[in-house]
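Inspection log for the structure reproduced underneath, given as structure tokens.
The values are calculated or read from the model by the stated rules, or taken from the named source; none is laboratory data. Just so you know, these numbers come straight off a predicted model, no measurement behind them. When we count neighbours, we look across all protein chains shown, and the Cβ atoms used for this are built from the backbone with ideal geometry, even at glycine. These area figures cover heavy atoms from the full protein model, side chains too; ligands, DNA and RNA do not enter into them. Shrake-Rupley method; radii C 1.70, N 1.55, O 1.52, S 1.80 Å.
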Amino acid sequence: MRKLILFYLLLPYLSFGQTIPSQTSKEVYPDSSWERIINPNAFGWDNSKLQQLRKFIIDSTHTTGMVVVQRGRILFEYGDIQELSYIASCRKSILAMLYGPFVENGTINLNTSVEQLKLDDIGGLLPVEKKTTIKDLLTARSGVYHPASNEGDASSMAPMRGSVKPGSFWLYNNWDFNIAGYILEQQTGKNIYELIDSILAKPLHMQDWNKNAQRKTGDTTRSKYLAYHMWFSTRDMARLGYLMLRNGKWKDKQVLPANWISTITSPVTTYKEAERNKTAYFHFGYGYLWWIWDAPYNKGVYEGAYSATGAFGQFITVLPKLDLVVAHKTKYEYERQVSTEQYLIILDKLAAAIR
């Protein structure tokens, strides 16, 4: 009888073949700090291959922080995971998360146009550009190629202004993303950083979030819509990814609408469409400010996978097939990047560590 009881006590920690522990078992959430998996081997991982991954990161990348969370516990960590640093364009994916409660309660209608919101910009928008909707902005399909207040997008590939009907063409364009942030503030009456604080940071018990460390920047002679930059720690980035993995649920509270999580992480622009238009980015299609692994690359462990992505190596990646979240960053101030290509190698090496 004692042996039988011991077997059932150990059952969650036993590994059978190459199976990742079932997603149907009890979900774990961090409180003020993360629990850690002491022996990854007991959870279906090859410890020696995880050490090889660590060696690759040290020898071949400029990674400054990385956290891998499996089923609510830290499986793997590297570097300084509590330092706040700039997360670049991952800010856009977080913006998409913030929209969820206000779309659900009717405060924001995604079909509302820029014209209906009575918005314009430096030098004026063209009549056709004013027809773009909030949905077009959140999916980078606005057809508005007005200069943005900050650089770091694909605007050099933009068609001639006024030549594209809103909603018909995908282009990664900071003007879309910046005005989408402005609209969220306009429609809710709250600053983006206040919204992060109340909607995400407090319910998720973030360890390192500092509202005072956040700031907007931009050249207002180009566009009046500023970029809403963000500074997070790696371990708090992992909390954001884990909220996404759990379909907006945190413990017993639905922090974000589950159907909104599904919406923003489903491709609106397929990889093949982007490839056809010569705007493709690695293996990804595009949803609502989230990059989606799309055909033919959404196979195996990458089925249903999606990521927030930022310059110099900032990533929040969700791999539902593995019940896994990866938060990765470099410190922007060092100007030493981890390219997306290198990061994809890191993910492949992580997946190869499954027994």
>> Just to verify a result, which residue in region 323-333, among those that are open to solvent by less than 20 Å² (accessible area, probe 1.4 Å) and among the charged types (D, E, K, R), is farthest from Val268 (Cα to Cα)?
In response: Lys329
>> Just to be sure I understand the filter: pairs with C-beta atoms under 6 Å, separated by 6 or more residues or on different chains, first member in region 59-86 and in a strand (DSSP E or B), second member acidic (Asp, Glu). Which pairs pass?
In response: Gly65/Asp80; Val67/Glu77; Arg73/Glu35
>> Quick check on this structure: which one of Lys251, Lys224 is charged (D, E, K, R), within 20 Å of Leu324 (Cα to Cα), at pLDDT 95 or above and surrounded by fewer than 20 Cβ atoms within 10 Å (Cβ to Cβ)?
In response: Lys251
> Mind checking which residues of region 81-107 are of a type outside the set (Gly, Ala, Ser) and either at pLDDT below 95 or farther than 14 Å from Gln314 by Cα (or both)?
Replying inline: Gln82, Leu95, Met97, Leu98, Tyr99, Pro101, Phe102, Val103, Glu104, Asn105, Thr107
> Considering only residues of region 296-322 that are on the phi > 0 side of the Ramachandran plot and either crowded, with 20+ Cβ neighbours inside 10 Å or of a type in the set (S, T, N, Q) (or both), which is nearest to the chain's Cα centre (by Cα)?
Replying inline: Gly313
>> Take the conditions closer than 27 Å to Glu333 by Cβ and open to solvent by 10 Å² or more (accessible area, probe 1.4 Å) and apply them to Glu185. Does it pass?
In response: no
> Among the residues of region 131-163 satisfying the criterion of being in a loop (DSSP other than H, G, I, E, B), touching a residue at least 24 places away in the same chain (Cβ under 8 Å) and among the aliphatic types (A, V, I, L, M), which is most open to solvent (accessible area, probe 1.4 Å)?
Replying inline: Ala154
>> Restricting to region 259-295, name every residue that is of a type in the set (S, T, N, Q), out of contact with any strand residue (DSSP E or B) (no Cβ under 8 Å at 6 or more places or on another chain) and open to solvent by 20 Å² or more (accessible area, probe 1.4 Å).
In response: Asn259, Ser262, Thr263, Asn277
